[in-house]
Amino acid sequence: MRFNSKVIHGGQKPDKAYGAVMPPIYQTSTYAQASPGQHKGYEYSRSANPTRSALENALASIENGKFGLAFASGLAAMDAVIKLLGPGDEVISTNDLYGGSYRLFRQVFEKYGIKFHFTGMQDVANIAALINSNTKLIWVETPTNPMMNIIDLRAVSELARSNKLLMAVDNTFATPYLQQPLDLGADIVMHSATKYLGGHSDVVAGALIVKDEELANKLYFIQNASGAVCGPMDSFLVLRGIKTLHVRMQRHCENGERIAEYLLKHPKIEKVYWPGLKDHPNHNVASKQMKAFGGMISFVPKGSNYKDAIAIVEKLKIFTLAESLGGVESLAGHPASMTHASIPKKEREKSGVVDSLIRLSVGIEDVEDLISDLEQAIG
Ligand SMILES: *Cc1c(COP(=O)(O)O)cnc(C)c1O
């Protein structure tokens with residue numbers, strides 16, 4: 001099956017009981033057993049639930065993996081990956097990582113003796129320089145948030161392989177519609193399914209997808225033992241979202257392109273960060289590993305400060321000022337005070353997250369309306 005068919009049919013079968021085309025929301029914690037240990041594949045919903053299994057099969061299919069695991073949130077999925085490690089182990093990650101991922105690494109896992117390094121991964125040599133005998137995992141996010149840097153997945157996976165390191169990719173921004181990291185050599189794909197996979201801003205969920213069975217078993221053990229599973233209702237919502245992923249992404253990309261071009265030509269805009277622009281520093285890598293360039297755009301208004309940027313986002317009417325991204329509706333955010341507020345200002349600015357940076361999650365409305373909205377807010 002090709003991708004557009006997979007998002008609808010991948011890993012899915014009509015329900016066994018009545019042939020329901022969408023899996024029922026099995027809102028149950030437990031399952032009747034005929035005799036101790038004799039059941040129909042499900043015994044307790046932390047360990048497995050049929051609605052969650054349907055989602056997990058769909059996830060495996062769309063990412064070209066073999067095993068999917070659905071979690072209560074994207075961060076719960078990441079938490080399970082880091083729990084593969086132990087004291088003394090080291091992780092290399094990117095320096096403009098999603099703020100919540102940075103907080104999880106630094107403020108939760110460092111105190112258990114795991115060490116995290118952050119570097120500009122656009123240059124693979126920066127990663128190689130940090131590898132030592134304690135390194136266990138390379139954690140990649142591409143495009144990065146909010147600077148839209150692109151990391152060469154093939155090059156990083158070759159480095160990981162030659163040093164026997166695990167490589168995980170946060171594929172939240174790109175989605176498998178745009179790039180499939182397992183095909184490029186990654187071991188683990190992670191999603192905040194809260195974003196494009198769910199797609200309707202109505203659910204918080206996370207996912208991991210792998211090919212290797214031994215790794216899947218280790219992650220499944222942690223998922224069950226730690227317990228941050230995706231509930232049946234949330235699994236249903238993400239599964240429903242996935243069925244339109246391809247058509248939504250196509251429109252996100254088209255609208256994203258129009259808005260990036262509009263901002264690029266605007267006399268009051270200083271910088272536009274979108275990987276589809278020819279002058280984007282990693283445009284060639286993006287063209288090689290992504291099918292198109294997505295609907296996430298960051299920009300800096302000319303001569304502006306913290307207050308000016310806030311004034312612009314407050315004036316927007318169709319773009320909603322909100323955390324999050326990837327839903328059908330357009331959102332605007334101010335990373336310095338919102339998503340990236342937990343990263344110290346000095347750290348933030350090193351990677352370009354200046355006080356006046358504005359981030360857009362371009363939705364699937366009429367693009368003319370979105371452009372008029374930006375026009376009246378930028379002035
Ligand atoms: C939102 C997000 C996360 C965290 O996911 P939650 O579902 O909010 O826990 C991780 N990575 C990226 C890139 C995100 O955008």
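The values are calculated or read from the model by the stated rules, or taken from the named source; none is laboratory data. If you're wondering where the values come from, they're calculated on a predicted model, not measured in any experiment. Because the Cβ atoms are built from the backbone with ideal geometry, glycine has one as well, and the counts that use them run over all protein chains shown. Calculation scope for accessible area: heavy atoms of the full protein, side chains included, ligands and nucleic acids excluded. Shrake-Rupley method; radii C 1.70, N 1.55, O 1.52, S 1.80 Å.
Lys291: within 28 Å of Pro176 (Cβ to Cβ), out of contact with any strand residue (DSSP E or B) (no Cβ under 7 Å at 6 or more places or on another chain), outside any helix (DSSP H, G or I) and open to solvent by 40 Å² or more (accessible area, probe 1.4 Å), yes or no?
yes
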Query raised in the report: Would it be correct to say that Leu239 is in contact (Cβ under 8 Å) with a residue 40 or more places away in the chain and aliphatic (A, V, I, L, M)?
Result: yes
Query raised in the report: Looking at (1) open to solvent by 80 Å² or more (accessible area, probe 1.4 Å); (2) free of Cβ contacts under 8 Å to residues at least 40 places away in the same chain, which is the one condition that is false for Ala311?
Result: (1)
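Just to be sure, is Gly326 under 21 Å from the mean Cα position of the chain (by Cα), within 16 Å of the ligand (Cβ to nearest atom) and assigned by TED's automatic domain parsing to the domain that holds Ser53? Break it down stepwise before answering.
Values: under 21 Å from the mean Cα position of the chain (by Cα): yes; within 16 Å of the ligand (Cβ to nearest atom): yes; assigned by TED's automatic domain parsing to the domain that holds Ser53: no.
When the stated conditions are applied, Gly326 does not pass them.
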Requested in this report: Please give the number of the condition Thr144 fails out of (1) β-branched (Val, Ile, Thr); (2) more than 11 Å from the ligand (Cβ to nearest atom); (3) modelled with pLDDT under 95.
Outcome: (2)
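With Ser235, Ser298 as the choices, which residue is of a type in the set (Ser, Thr, Tyr), in a helix (DSSP H, G or I) and at pLDDT 95 or above? Don't jump to the end; show me each part of the working.
Numbers: Ser298 fails: in a helix (DSSP H, G or I).
When all the criteria are applied, what remains is Ser235.
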**Report entry** Subset of the range 173-209 [part of a strand (DSSP E or B) and within 13 Å of the ligand (Cβ to nearest atom)]
**Finding:** Val189, Met190, His191, Ser192, Gly206, Ala207, Leu208
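Mind listing just one residue for me: the one in the range 64-99 that is among the small types (Gly, Ala, Ser), open to solvent by 10 Å² or more (accessible area, probe 1.4 Å) and within 11 Å of the ligand (Cβ to nearest atom) and, of those, farthest from Trp139 (Cα to Cα)? Reasoning before the result, please.
In the first step, residues of the range 64-99 are kept if they are among the small types (Gly, Ala, Ser); the result is 65, 68, 70, 72-74, 76-77, 80, 86, 88, 93, 99.
After this cut, where a residue has to be open to solvent by 10 Å² or more (accessible area, probe 1.4 Å) as well, the list is 65, 68, 72-73, 76, 86, 88.
Retained after the next criterion (residues that are within 11 Å of the ligand (Cβ to nearest atom)): 72-73, 76.
Values: Ala72: 20, Ser73: 18, Ala76: 15 Å.
Here the residue is Ala72.
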Query raised in the report: How many residues does the range 211-228 contain that are without any contact (Cβ under 8 Å) to a residue 12 or more places away in the chain and among the aromatic types (Phe, Trp, Tyr)?
Result: 1
**Report entry** Unique residue being under 16 Å from the mean Cα position of the chain (by Cα) and among the β-branched types (Val, Ile, Thr) when the list is Ile297, Ile259
**Finding:** Ile297
